[in-house]
Structures are given as C-alpha cells and as structure tokens.
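The values are calculated or read from the model by the stated rules, or taken from the named source; none is laboratory data. Just so we're clear, the structure is a prediction, and the values are computed from it rather than from any experiment. Please note: Cβ atoms are built from the backbone with ideal geometry, for glycine as well, and neighbour counts cover all protein chains shown.
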Amino acid sequence: MSTAAGTGSGRRTGPPAGPPPWEVFVRPRRGLVHQHVGTVRAPDARAALRAARHAFDSGGEPTSIWVVPTCEITASRPEHRGPFFAPAADKAFRHPTYYDIPAQVQHL
Amino acid sequence: MPAPRPEAASPGTAPGGPGAPAAAAGPAGDAPLLERFERTIADNQRIEPRDWMPEDYRASLVRQIAQHAHSEIIGMQPEGNWLTRAPSLRRKAILLAKVQDEAGHGLYLYSAAETLGVDRAELLDLLHAGRQRYSSIFNYPTLTWADVGAIGWLVDGAAIMNQVPLCRCSYGPYARAMVRICKEESFHQRQGFELLHTLSHGTEAQQEMAQDAVNRWWWPSLMMFGPPDDASPHSARSMAWKIKLFSNDELRQKFIDVCVPQAEVLGVTLPDPELRWNEERGHYDHGQIDWAEFRAVLRGDGPCNAQRLAHRRRAHVEGAWVREAAAAYAAKRAAETALRTAGASA
C-alpha cells in the first residue's frame with residue numbers, strides 16, 4: 001500500500017512546494033455516485049472546495065463536490081494485481097450464463 | 001464511505017457528512033424544505049444523504065434498510081448449513097460463493113443505512129436484542145440438499161422480484177446498493193434452478209427430495225412479499241415516498257405468474273391445488289395464504305427463530321477477538337509509522 005502522492009518513484013524529493021493537492025469528486029447529478037474528476041492545489045479544505053467548484057463545474061444543475069487530501073488516499077498497487085484481484089476472474093460459476101437452463105425457461 | 005466535512009453548506013443542505021443527516025429544522029422552517037423534498041421525489045429524482053428529509057422518511061428507511069441488511073446476514077445460516085455437505089466440489093464452490101455474496105450484500109446495506117446517521121454496531125445490537133427484524137423466510141430449516149436449490153429458485157427469485165424495483169427507489173445510496181446486489185444476485189437464482197432441475201431429473205429419491213423441498217418453501221416464499229395490501233399499514237406512505245414502488249400483492253402475483261411455467265419445466269408440482277390460470281385477469285389464481293403462520297413466525301414462533309438469533313449472537317461474541325486483533329494490529333502499525341517518522345525527522 002502506498003499513498004497516491006509520492007509512490008516511491010523518486011520523482012519528488014522533499015515536501016512539495018506550494019499548497020497541497022486535493023482529489024476532487026463530483027456527483028454529476030442526483031442518484032449517481034461521486035466520481036473522481038481531478039486534482040486541485042489549495043491551502044485548506046474550504047479553498048480546495050472553492051477551487052474545485054470553479055475548475056470542475058459542468059455548468060449544469062448544482063452538483064455535490066467532495067475534496068479529499070491526496071495524501072489521505074490509500075491506493076492498491078498495479079504489481080499487486082495477481083494476488084490482490086485474481087480470485088474473481090477464475091470463478092466461472094459466478095456468471096449467470098454458467099448454468100444450463102432449458103431454453104424455454106423465462107424470467108430467470 | 002468518506003465523510004466529507006461540510007465546508008460549504010448551501011441553503012437547503014444541512015451541515016454534516018453523509019454519516020450525519022440533515023438536522024430537522026423547526027416546524028416553521030420545514031415548509032420550503034418539505035416542498036423541495038416532495039418535488040424531488042415527484043420528479044423521480046433521488047434524495048441524497050445531505051439533503052433535508054422528513055424524520056419519518058429517514059426513520060422508515062433506516063428500518064427498511066436495516067431489516068434488509070439483517071436478512072442478508074441471517075440468510076447465510078440456512079444455506080451455510082449445507083456447505084460442508086455439498087455433494088460435489090463444484091456445488092460446494094458455488095454455495096460458498098453465494099453465502100459469501102450474502103455477507104457482501106449485508107455490507108452494502110449496512111453502509112447505506114449508515115448514510116442516514118446510524119452506526120452498524122447499533123443496528124446489530126437492535127437485531128441481537130430482537131428489536132429489529134429480518135425476513136421471516138430465514139426462520140425455516142434447510143432439511144435436505146434440495147432445499148439449497150429451492151432457496152435459490154424461490155427465495156432468491158422472490159427477493160429479486162422485490163429488489164429490482166428498489167434499484168429505482170427514491171433514496172440514492174439504497175438504490176445504488178440494490179443495483180450492485182441485483183447484479184450479483186442473478187447467478188444465485190440460476191444455480192438454484194439448475195440444482196433443482198438436476199435433482200428433479202435424477203433418481204426417484206432425488207425427484208422426491210426436490211418435490212419435498214418445493215412443497216416446504218413455496219408458501220413461505222409467497223409470504224416474503226409481506227402481508228396483503230389491505231393489512232399493510234405503512235405501504236401507502238412508503239409508496240408515496242417511493243421507497244416501495246409496487247404493492248405487496250402486485251409483486252406476489254408477478255412472482256406466482258413467473259414461477260408456474262418454471263415449475264412445469266422443473267417437473268415439480270407447486271403445492272397449491274387452487275393454482276390455475278385466470279383468463280379474465282390474465283394472472284394465476286392461487287389459494288389462501290396462511291397468514292396466521294406468517295404472524296407466528298414474525299412473533300418469534302417459527303421453527304428456527306431462536307436458533308438463528310442465538311447463532312448470530314454467538315458469532316458476534318465469538319468474533320470479537322478478530323475485531324480487537326485488527327484494531328490492535330492497526331494501532332501497532334500506526335505506532336511504528338510514528339516512530340519511523342520521528343526517527344526520520346530527528
């Protein structure tokens with residue numbers, strides 16, 4: 001596990017200059033989940049929310065926006081793909097079409 | 001689910017994250033909020049966690065979602081009973097996956113309930129104290145392997161009939177949880193049908209076993225849709241709020257209509273001599289449901305009520321060390337990280 005910021009790639013040395021990054025999640029409209037749309041830099045949450053509203057406002061109906069400090073995000077790593085996610089794919093019986101059902105059966 | 005801090009409370013948005021629902025405004029301030037709430041529902045829009053909502057709407061949802069969540073986790077017991085005795089590795093793997101899914105469905109639903117300002121620990125306490133219910137169907141025993149098939153076909157079939165409309169219910173987090181659940185539910189019903197079909201086309205003993213299971217599960221499955229409409233006190237309000245989209249009797253009828261032809265393919269007889277097609281209505285007529293039995297099971301007098309609740313309580317107590325160990329491990333990791341950070345900056 002590592003944080004999204006500074007994944008040990010060595011690209012960044014020392015603390016970032018300027019305000020910290022915030023991940024922005026927007027709910028495009030009622031009934032949908034908040035989706036990640038991008039990042040803003042801001043000194044605090046209030047400023048991040050304001051920046052996000054300017055940067056990602058789609059111009060449609062009022063949306064709901066979440067901002068989360070980037071350093072608070074814990075992410076899985078691509079190299080974990082095998083052991084971390086493998087079990088789902090090799091279970092054919094989890095798919096409805098795996099089962100032999102007579103063709104005339106409806107609504108199943 | 002993250003709980004954002006309320007940095008920008010706009011008018012009509014009460015402070016508090018998804019875990020802290022809108023505080024009820026005073027009676028005088030409610031009118032415009034109520035009007036907005038009702039308009040949102042009338043427009044078939046979703047109510048989201050930070051929206052203002054009437055206290056009764058919130059309380060009804062908590063009760064409904066909690067009961068649904070409890071049903072998922074209690075529902076692991078009747079089928080779990082057959083995990084070690086599944087007749088083949090294939091059937092065992094399928095059943096394991098299915099029981100595991102029910103646990104996951106419980107998780108989605110407890111999370112949805114938590115967006116209404118309750119905590120799952122609270123809800124579990126209420127379940128364990130017998131103050132919140134779960135579906136009456138899980139108070140029946142699984143006596144033979146064929147019951148696993150009957151549960152998949154009938155019980156999951158009835159659940160799907162109930163749940164598909166809920167994917168469009170008015171409360172966003174509940175609707176979204178239902179979408180996920182319905183997607184995963186589709187293999188459950190089909191594995192049950194296939195299992196029963198295998199038995200009902202097997203030896204004479206297997207055929208009898210399949211028929212016996214259907215005999216025992218048919219009527220309780222019909223009761224899953226709840227009391228008849230004229231005896232369902234909260235139905236009208238729940239339908240007005242769109243946390244219920246079809247009446248109990250409508251869904252029950254739909255289920256019966258779907259099951260009759262499926263039973264013919266299975267080669268089993270549904271245990272209702274009055275079941276026949278009514279040309280005029282365009283539906284199957286059916287016999288009288290034993291509502292006295294339904295009430296008895298709800299009251300706690302079903303065949304397995306005591307056993308199910310006792311098992312759930314025991315699992316909760318016996319699982320305490322796992323929760324404690326996880327917390328202790330997290331604390332240890334945090335202390336190590338703090339130490340490393342202190343060391344690095346020194």
Listed by first then second residue, the pairs whose first member lies in segment B:195-211 and is closer than 24 Å to A:P96 by Cα, whose partner is of a type in the set (K, R) and in a helix (DSSP H, G or I), with beta carbons under 8 Å and at least 6 positions apart or on separate chains, are B:L195/B:R91
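Just give me the residues in segment B:57-92 being among the hydrophobic types (A, V, I, L, M, F, W, C) and either within 14 Å of another protein chain (Cβ to nearest Cβ) or in a helix (DSSP H, G or I) (or both), in sequence order. Step through it out loud before you land on a result.
In the first step, residues of segment B:57-92 are kept if they are among the hydrophobic types (A, V, I, L, M, F, W, C); the result is B:59, B:61-62, B:65-66, B:69, B:73-74, B:76, B:82-83, B:86, B:89.
The answer is B:A59, B:L61, B:V62, B:I65, B:A66, B:A69, B:I73, B:I74, B:M76, B:L83, B:A86, B:L89.
Here is a yes/no grid of residues against (1) part of a helix (DSSP H, G or I); (2) under 17 Å from B:H70 (Cβ atoms); (3) within 14 Å of chain A (Cβ to nearest Cβ):
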| residue | (1), (2), (3) |
| --- | --- |
| B:P141 | no, no, no |
| B:D147 | yes, no, no |
| B:G157 | yes, no, yes |
| B:R180 | yes, no, yes |
| B:L196 | yes, no, yes |
Residues that are within 14 Å of chain A (Cβ to nearest Cβ), among the acidic types (D, E) and more than 30 Å from A:T63 (Cα to Cα): does segment B:93-104 have at least one? yes
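Going by the conditions given, is B:V214 touching a residue at least 60 places away in the same chain (Cβ under 8 Å), within 11 Å of chain A (Cβ to nearest Cβ) and among the aliphatic types (A, V, I, L, M)? Outline the logic, then answer.
On the way: touching a residue at least 60 places away in the same chain (Cβ under 8 Å): yes; within 11 Å of chain A (Cβ to nearest Cβ): no; among the aliphatic types (A, V, I, L, M): yes.
Criteria not met by B:V214.
Going by the conditions given, is A:V37 within 8 Å of chain B (Cβ to nearest Cβ), modelled with pLDDT of 90 or more, within 15 Å of the chain's Cα centre (by Cα) and within 28 Å of B:R176 (Cα to Cα)? Walk me through it before giving the result.
On the way: within 8 Å of chain B (Cβ to nearest Cβ): no; modelled with pLDDT of 90 or more: yes; within 15 Å of the chain's Cα centre (by Cα): yes; within 28 Å of B:R176 (Cα to Cα): yes.
No.
Yes/no matrix, rows are residues, columns are (1) over 30 Å from B:T40 (Cα atoms); (2) at pLDDT below 75; (3) assigned to a loop (DSSP other than H, G, I, E, B):
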| residue | (1), (2), (3) |
| --- | --- |
| A:G8 | yes, yes, yes |
| A:A17 | yes, no, yes |
| A:P43 | yes, no, yes |
| A:A55 | no, no, no |
| A:V67 | no, no, no |
| A:P83 | yes, yes, no |
| A:D100 | yes, no, yes |
